[in-house]
Amino acid sequence: MKDILASRLKQCRNEAGLTQRDVATYSDITEKAYQNYELMTRNPKLEILIRIANTFDVSLDYLVGRTDNKTINK
């Protein structure tokens with residue numbers, strides 16, 4: 001899961017045209033914390049992962065590799 005999460009975080013960030021600093025700011029975390037998630041040196045807590053998913057407007061299941069569908073089921 002860690003590899004998939006890191007890969008999808010980077011992919012979503014690049015597709016959105018955002019910097020790591022942008023994602024960190026929009027997700028209300030430090031830039032260093034976000035960098036650690038992309039580098040696979042740390043796993044985000046659920047609360048933080050939800051904020052990141054909201055920033056990218058994707059589902060949690062997509063970020064962690066449970067589905068390839070980015071959309072959020074509402």
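Per-structure values
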{"read-out": "Backbone HN-Hα couplings from phi across the stretch 45-57 [Karplus 6.51/-1.76/1.60, Hz, Gly and Pro as x]", "value": "5, 3, 4, 6, 4, 5, 5, 5, 4, 5, 4, 8, 6"}
{"read-out": "Gain upon complete extension [R66, D22; 0.36 nm per residue less C-alpha separation]", "value": "13.3 nm"}
{"read-out": "Accessible area of the chain belonging to carbon and sulfur atoms, whole % at 1.4 Å probe", "value": "47"}
{"read-out": "Length released on extending from T41 to N14, taking residue separation times 0.36 nm less the Cα-Cα span", "value": "7.7 nm"}
{"read-out": "Whether the stretch 1-71 is rounded, prolate or oblate, judged on the alpha carbon gyration tensor where a/c under 1.5 counts as rounded", "value": "rounded"}
{"read-out": "Proximal lysine pairs, the chain, alpha carbons under 15 Å, eight or more residues apart or interchain", "value": "5"}
{"read-out": "Accessible solvent surface per residue of the chain, calculated while the other protein chains remain in place, 1.4 angstrom probe, Å²", "value": "65"}
{"read-out": "Hz values of 3J(HN,Hα) by residue in the stretch 34-41 - Karplus curve (6.51, -1.76, 1.60), Gly and Pro given as x", "value": "4, 4, 4, 5, 5, 8, 6, 8"}
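The values are calculated or read from the model by the stated rules, or taken from the named source; none is laboratory data. Please read all numbers here as calculations on a predicted model, not as lab measurements. Remember, those area values only see protein heavy atoms, side chains included, never the ligands or the DNA or RNA. Shrake-Rupley method; radii C 1.70, N 1.55, O 1.52, S 1.80 Å.
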